[in-house]
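Asks: One structure follows; several queries about it will come next.
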Amino acid sequence: MLFCENHQMLQTVFLDAGGVLIHPNFDRVAKALMEHGLITTAEALRAVEPLAKRDLEDPSFIRSSDDDSRGLVYFATVLRRAGVQVDDRARAALASLRAYHAAHNLWEIQDPDLLPFLERLRRRGLRRVVVSNANGTLHAHFDRLGLTPYFDMIFDSHREKVEKPDRRFFEIALERSGSNKETTVHVGDFYEIDVVGARSAGLEAILLDPTGINRDRDCPRVASLDELATHLGA
């Protein structure tokens with residue numbers, strides 16, 4: 001049973017953080033590159049990000065890497081897709097961004113529809129739980145962004161010592177949030193991490209796919225948070 005098609009059954013929505021709720025600050029990325037002599041724009045980086053993410057969707061790569069190492073490959077792939085040579089200057093810029101991310105979290109841009117989306121879920125009576133691969137800063141980061149009050153619980157993989165797509169991460173979130181897999185759906189932006197991982201734990205999953213690059217995937221897809229809320233009956 002697909003709970004997104006049976007709205008009265010749905011009780012909990014698991015939400016990935018990066019790529020769903022918050023997004024990379026590409027203005028900060030472009031500035032760091034410029035400080036190291038590499039010229040690009042935040043708009044150019046944002047435009048190629050969906051292609052770069054799809055480039056990473058290799059099952060063997062996902063299984064053999066972790067969130068930290070994938071982050072390095074992710075940014076290098078974004079730069080290559082944007083026509084920026086990944087040389088010593090780029091690596092120096094990425095090192096400075098990595099230091100910022102470790103302290104503050106580089107995923108700090110909110111979708112304009114985020115708060116209205118969360119309010120729609122709240123009014124619908126849906127439990128809102130963040131289940132995200134992260135670096136241990138997620139709780140403080142959501143406090144800084146003023147997002148914490150909008151969620152019932154937040155799970156940071158670094159704190160839990162297990163990452164998606166490992167089913168154990170979803171099982172931890174289910175147990176501690178008091179949710180049941182039969183009435184929970186997970187929303188993420190990576191098929192191999194979010195959809196495959198959620199399914200391994202017995203959850204249905206929805207892929208946030210703003211550009212339609214994942215139209216070949218065998219799962220429900222939505223292009224925006226507004227569409228997602230409607231899909232969830234909120």
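Asks: Can you report the number of residues in region 84-114 which are of a type in the set (A, V, I, L, M, F, W, C) and out of contact with any helix residue (DSSP H, G or I) (no Cβ under 7 Å at 6 or more places or on another chain)?
Replies: Residues meeting the conditions: 7.
Asks: Residue check: is Ile39 β-branched (Val, Ile, Thr) and open to solvent by 70 Å² or more (accessible area, probe 1.4 Å)?
Replies: Yes.
Asks: Further question: Quickly run through region 36-52 and pick out the residues that are in contact (Cβ under 8 Å) with a residue 40 or more places away in the chain, out of contact with any Ser or Thr (no Cβ under 8 Å at 6 or more places or on another chain) and in a helix (DSSP H, G or I).
Replies: Leu51
Asks: How many of the residues making up region 81-98 are in contact (Cβ under 8 Å) with a residue 12 or more places away in the chain and either under 18 Å from the mean Cα position of the chain (by Cα) or part of a helix (DSSP H, G or I) (or both)?
Replies: 9
Asks: Continuing with the same structure: Would you tally the residues in region 88-118 being hydroxyl-bearing (Ser, Thr, Tyr) and in contact with a Pro (Cβ under 7 Å, 6 or more places away or on another chain)? Please lay out each step first, then the result.
Replies: Step one: filter region 88-118 for residues hydroxyl-bearing (Ser, Thr, Tyr), giving 96, 100.
In the following step, the residues that additionally are in contact with a Pro (Cβ under 7 Å, 6 or more places away or on another chain) were identified as none.
Adding up the residues that qualify gives 0.
Asks: For region 171-180, does any single residue satisfy the condition of being among the hydroxyl-bearing types (Ser, Thr, Tyr) and in contact (Cβ under 8 Å) with a residue 40 or more places away in the chain?
Replies: Yes, region 171-180 contains at least one residue that is among the hydroxyl-bearing types (Ser, Thr, Tyr) and in contact (Cβ under 8 Å) with a residue 40 or more places away in the chain.
Asks: Would you point out the residue of region 110-130, among those that are open to solvent by 60 Å² or more (accessible area, probe 1.4 Å) and assigned to a helix (DSSP H, G or I), that is nearest to Arg98 (Cα to Cα)?
Replies: Restricting to residues being open to solvent by 60 Å² or more (accessible area, probe 1.4 Å) and assigned to a helix (DSSP H, G or I), the top hit is Leu115.
The values are calculated or read from the model by the stated rules, or taken from the named source; none is laboratory data. Since the structure is predicted, the reported quantities are computational estimates derived from the model, not experimental observations. Methodologically, a virtual Cβ is constructed for each residue, glycine included, from the backbone with ideal geometry; neighbour enumeration extends over all protein chains shown. The area values use the complete protein model at the heavy-atom level, side chains included, leaving out ligands, DNA and RNA. Shrake-Rupley method; radii C 1.70, N 1.55, O 1.52, S 1.80 Å.
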